[in-house]
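What follows is a short report on a single structure.
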Amino acid sequence: MANVIDPERHRDLLQFQQAVFDADAELTAYTGEDAAPLREQVRQAAAARDEALRASGLVNEHGWFTADQDLKRATRAAVAMG
C-alpha cells in the first residue's frame, strides 16, 4: 500500500512530526534531574502534530494508525533525502 502522505502536499505535517522527533531526541539525550519541561515540550509538539493530522482529513480518510505511521515514515524519508 502506498504512503498516504504526499511530501509536497503535506509539508506542514512533516514539519510537525519533525518537531516531535526533535523534542523527543532532546528528552532522550537529557541527563539532568528535572526532565519535566522537556516532557512537556514533547507533549505539546505531539498535540500540535495530532491536531494538524486530524485537520488534514487523513485520519478520517485512512484511520489514525495508517495516517500516523505513514507520517512518521514520510518524515524519516524526507530527512534521509536531505
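The values are calculated or read from the model by the stated rules, or taken from the named source; none is laboratory data. Computed from a predicted structure; not experimentally measured. Don't worry about glycine lacking a Cβ; one is built from the backbone with ideal geometry, like all the others, and counts go over all protein chains shown. In case anyone asks, the SASA skips ligands and DNA or RNA and just uses the protein heavy atoms, side chains included. Shrake-Rupley method; radii C 1.70, N 1.55, O 1.52, S 1.80 Å.
Suppose we filter Val59, Val79 for residues that are open to solvent by 20 Å² or more (accessible area, probe 1.4 Å), without any contact (Cβ under 8 Å) to a residue 40 or more places away in the chain and out of contact with any strand residue (DSSP E or B) (no Cβ under 7 Å at 6 or more places or on another chain); which single one remains?
Of the residues listed, the single one that is open to solvent by 20 Å² or more (accessible area, probe 1.4 Å), without any contact (Cβ under 8 Å) to a residue 40 or more places away in the chain and out of contact with any strand residue (DSSP E or B) (no Cβ under 7 Å at 6 or more places or on another chain) is Val59.
Pick from the range 36-56 the residues that are closer than 20 Å to Pro7 by Cβ and more than 13 Å from the chain's Cα centre (by Cα): which of them is surrounded by the fewest Cβ atoms within 10 Å (Cβ to Cβ)?
Ala55
Which numbered condition in (1) touching a Leu at 6+ places or on another chain (Cβ under 7 Å); (2) open to solvent by less than 30 Å² (accessible area, probe 1.4 Å) is the only one that Asp70 fails?
(1)
Which condition from (1) in a helix (DSSP H, G or I); (2) of a type in the set (A, V, I, L, M, F, W, C); (3) surrounded by 15 or more Cβ atoms within 10 Å (Cβ to Cβ) is the one that Val4 breaks?
In the conditions (1) in a helix (DSSP H, G or I); (2) of a type in the set (A, V, I, L, M, F, W, C); (3) surrounded by 15 or more Cβ atoms within 10 Å (Cβ to Cβ), Val4 misses (1) alone.
Of the residues in the range 7-35, how many are open to solvent by 80 Å² or more (accessible area, probe 1.4 Å) and more than 12 Å from the chain's Cα centre (by Cα)?
Count: 8.
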